[in-house]
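Taking it in order: structure first as structure tokens, then the write-up.
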Amino acid sequence: MSARLFDLAGRTALVTGSSRGLGRAMAEGLAAAGAVVVLNGSDPNRLEAAAAEMRKAGHTVHAARFDVTDEAAITAAFEGLDQAGIAPDILVNNAGIQLRRPMMELATEDWRRVIEINLTSAFVIGREAARRMIPRGRGKIINIGSLTSELARATVAPYTVAKGGIKMLTKAMAAEWAEHGIQANAIGPGYMITDMNQALTDNPQFDAWVKGRTPARRWGKPAELVGTVIFLASEASDYVNGQIIYVDGGMLSVL
Ligand code: GCO
């Protein structure tokens, strides 16, 4: 009984920003749980390489190349999936960038760019996916937040604001789409070892701070998100809505 609850056979998952990092790890986990996966990225070479590696591992993988800030490209990508008979039952809004700069040195355009990529894209892509999920009466939307969905850290203001917005966008999606059989939830990864965090893991002081501040006394690994993303993508979470689950080694639970 319990294993079937987490089985994604027959489901299709679109994961944005999935050529590498957390998105790639979640895409691989969803594929291992039985889902057909649609990878997304803006770099064609990196996207095709990721798709080829996953196909070599025996997974059924499609590639949807679009810039998550380009609304016309998003619409065209979804129409292309429609025409190919590929219907995402699961959307993971993972794409995002980081920009570490004090606000007093931050150009308004850079602020806007981070908000656009990390937050507005989740709304636009979520709307396109939900437009197709609603007639089917079911769907799973999983937005990727952050520890900064709850707490601020100096020098990452636009990222923090965007991730705080991701938490509340998730609740707004639940408010409007739950009655249509869609479950919208979020995952808040803690400090994970990724390319985006290379500057931090390479910094001995920051590394020591993360290990001291985290009860688990270590950084997280991208693969450690897989269990939570499978849970939120599967029927095991059919009555879970508007929640954010932190996979953070306990960091948010302690002073
Ligand atoms: C930073 C990091 C964080 C982590 C993650 C923590 O500069 O503080 O990039 O933002 O990536 O979001 O949850």
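The label point for ARG132 and the one for LYS56, both projected 7 Å from the Cα toward the Cβ, are 2.8 nm apart. Is the shape of segment 156-244 best called rounded, prolate or oblate, per the rule: a/c under 1.5 gives rounded, else a/b larger than b/c gives prolate, else oblate, with a ≥ b ≥ c the square roots of the Cα gyration tensor eigenvalues? Since a/c reaches 1.5 and a/b is larger than b/c, the shape of segment 156-244 is classed as prolate. 3J(HN,Hα) couplings calculated from phi for segment 167-172 with the Karplus curve 6.51 cos²θ - 1.76 cosθ + 1.60 (θ = phi - 60°) are, in sequence order, 4, 7, 4, 4, 5, 5 Hz; Gly and Pro show x. Put a dot 7 Å past the Cα of ASP207, heading toward its Cβ, do the same for GLU176, and the two dots end up 4.5 nm apart.
Taking the accessible area of the chain, probe 1.4 Å, and keeping the other protein chains in place, the carbon and sulfur fraction comes to 54%. The residues neighbouring ASP110, those whose beta-carbon lies less than 15 Å from its own, together hold a net charge of +1 under the Lys/Arg +1, Asp/Glu -1 convention. Taking ALA236, ALA184, ALA27 as the candidate residues, the one with maximal mean-square fluctuation in a Gaussian network model of the chain, Cα springs under 10 Å, is ALA236. Using a probe of 1.4 angstrom and keeping all protein chains present, the accessible surface of segment 2-247 works out to 45 square angstrom per residue.
For ALA199 and GLU79 in the same chain, what is the full-extension length gain: residue separation times 0.36 nm, less their Cα-Cα distance, in nm?
Between ALA199 and GLU79, full extension yields 39.4 nm more.
Note on the chain: with a GNM built from Cα contacts shorter than 10 Å, the maximum mean-square fluctuation among ILE142, ILE230, ILE97 falls on ILE97. Between ARG153 and ARG218, the modelled labels are 1.9 nm apart [label points 7 Å from Cα along Cα→Cβ]. If you take the square roots of the eigenvalues of the alpha-carbon gyration tensor of segment 69-204 and sort them as a ≥ b ≥ c, do you get rounded (a/c under 1.5), prolate (a/b over b/c) or oblate? The shape class here is prolate.
The values are calculated or read from the model by the stated rules, or taken from the named source; none is laboratory data. Bear in mind the structure is a predicted one, so any value in this text is a computation, not a measurement. Note that we place each Cβ from the backbone using ideal geometry, even for glycine, and neighbour counts take in every protein chain shown. Only protein heavy atoms, including side chains, enter the accessible area calculation; ligands, DNA and RNA are left aside. Shrake-Rupley method; radii C 1.70, N 1.55, O 1.52, S 1.80 Å.
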